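One structure below.
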Amino acid sequence: MIILATKDGFTVTEKNNFTEFHIEVGRLSHDEFIDVVKSSADVAAHHAPHHLWVSVDLLRRELNTKAHPERRSGLDGMLEYADSKGWLNEAGTHVSAHIVVPQ
């Protein structure tokens, strides 16, 4: 899954890819990206540079896991792996994602 930042917020692309996970800035300028992050309830500040916490609820919503059990299973597996690496927050509500900025 790729989390794409847009002026309207964050959306998930590559919804059946559970082996890749990051946030792409897309075509947003630095200032536009910062504004989207600040106004979104779907991401939160992270202690590591170039990372954000991504809401698990956003992932479930974007993947429509209620209607797609195979995506629910893939997401659950990805979150289990993330937890084993320490990439989930203590509450299990957010997963760590690094930010990819275009060159």
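The table below lists the values:
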read-out: Members of the stretch 26-58 found to be touching a residue at least 12 places away in the same chain (Cβ under 8 Å), surrounded by 13 or more Cβ atoms within 10 Å (Cβ to Cβ) and over 21 Å from MET78 (Cα atoms), listed by number; value: GLY26, LEU28, GLU32, PHE33, VAL36, VAL37, SER40
read-out: Residue satisfying all of: in the stretch 45-81; part of a strand (DSSP E or B) and closer than 15 Å to ILE2 by Cα; nearest to the chain's Cα centre (by Cα) among these; value: VAL54
read-out: Residues of the stretch 82-103 that turn out to be surrounded by fewer than 15 Cβ atoms within 10 Å (Cβ to Cβ) and assigned to a helix (DSSP H, G or I), as a count; value: 2
read-out: The stretch 7-27, subset outside any loop (DSSP other than H, G, I, E, B) and not polar (S, T, N, Q), residue farthest from the chain's Cα centre (by Cα); value: GLY9
read-out: Every pair of residues 6+ apart whose Cβ atoms lie under 8 Å, when the first sits in the stretch 1-25 and is more than 20 Å from GLN103 (Cβ to Cβ) while the second is part of a strand (DSSP E or B) and of a type in the set (S, T, N, Q); value: MET1/THR13
read-out: Selection within the stretch 71-103 - of a type in the set (D, E, K, R) and at pLDDT 95 or above; value: ARG71, ARG72, ASP76, GLU80, ASP83, LYS85
read-out: Scope the stretch 1-16; condition within 25 Å of GLU80 (Cα to Cα) and either out of contact with any strand residue (DSSP E or B) (no Cβ under 8 Å at 6 or more places or on another chain) or surrounded by 13 or more Cβ atoms within 10 Å (Cβ to Cβ) (or both); matching residues; value: MET1, ILE2, ILE3, LEU4, ALA5, PHE10, THR11, VAL12, GLU14, LYS15, ASN16
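The values are calculated or read from the model by the stated rules, or taken from the named source; none is laboratory data. If you're wondering where the values come from, they're calculated on a predicted model, not measured in any experiment. Cβ coordinates were reconstructed from backbone atoms using ideal geometry, including for glycine residues, and neighbour counts include every protein chain displayed.
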